[in-house]
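Reading through the structure tokens given below for one structure.
The values are calculated or read from the model by the stated rules, or taken from the named source; none is laboratory data. None of the values given here were measured: they were computed from a predicted structure. Cβ placement follows ideal geometry from the backbone for every residue including glycine, while neighbour counts extend to all protein chains displayed.
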Amino acid sequence: MSVVSTGGFDRFTRASELCSYTGLTPVIRQSGSSVDGRPRISKTGNQKLRSLLFMCSFNACKYNKACRDLYGRIVAKGKSKKPALTAVRNKLLKQAFAIAKSGLIYDDSYRSALTKN
């Protein structure tokens, strides 16, 4: 579904553009000097893709090691489960984008050279 609804990822050059298209990027809401609201996802993007990713995030937390670790870290910090699932949705999108753009198969043990270990 994500490949079809995004046109094969051809319209995007970065994963952050794909996340914005889906409506999973955070938006800070404030008005002048009033009390700041909590950041929430924008929800301005593709709603069908966003809801599909929500359902996929449950299985990703179960079977995808990177997503499971991310979910566990966020919940351990005291955040609720819904923002943790949103982070997992972002992770899934970024993984799908990287696989589609690089042409490589998914490697569970892959670690980027840019991350600090």
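Would you confirm, using the coordinates I've provided, whether K77 is modelled with pLDDT of 90 or more and charged (D, E, K, R)?
Spelling it out, K77 is indeed modelled with pLDDT of 90 or more and charged (D, E, K, R).
Only one of these is out of contact with any helix residue (DSSP H, G or I) (no Cβ under 7 Å at 6 or more places or on another chain), in contact (Cβ under 8 Å) with a residue 60 or more places away in the chain and either under 25 Å from R29 (Cα atoms) or surrounded by 12 or more Cβ atoms within 10 Å (Cβ to Cβ) (or both): T86, T44. Name it.
T86
Answer with yes or no whether K101 is touching a residue at least 12 places away in the same chain (Cβ under 8 Å), on the phi > 0 side of the Ramachandran plot and not β-branched (V, I, T).
no
Name the residues in the stretch 94-117 that are modelled with pLDDT of 80 or more and either aromatic (F, W, Y) or outside any loop (DSSP other than H, G, I, E, B) (or both), would you?
Hits for the stretch 94-117 are K94, Q95, A96, F97, A98, I99, A100, K101, S102, Y106.
Return the total of residues in the stretch 52-64 being surrounded by 11 or more Cβ atoms within 10 Å (Cβ to Cβ) and farther than 11 Å from L85 by Cβ.
Of the residues in that region, 3 qualify.
With respect to S31, determine if the residue is out of contact with any Asp or Glu (no Cβ under 6 Å at 6 or more places or on another chain), at pLDDT below 85 and of a type in the set (G, A, S).
yes
Pick from the stretch 1-25 the residues that are assigned to a helix (DSSP H, G or I) and under 13 Å from L92 (Cα atoms): which of them is modelled with the lowest pLDDT?
S2
When residues of the stretch 38-67 are filtered for being of a type in the set (G, A, S) and assigned to a helix (DSSP H, G or I), how many remain?
Of the residues in that region, 4 qualify.
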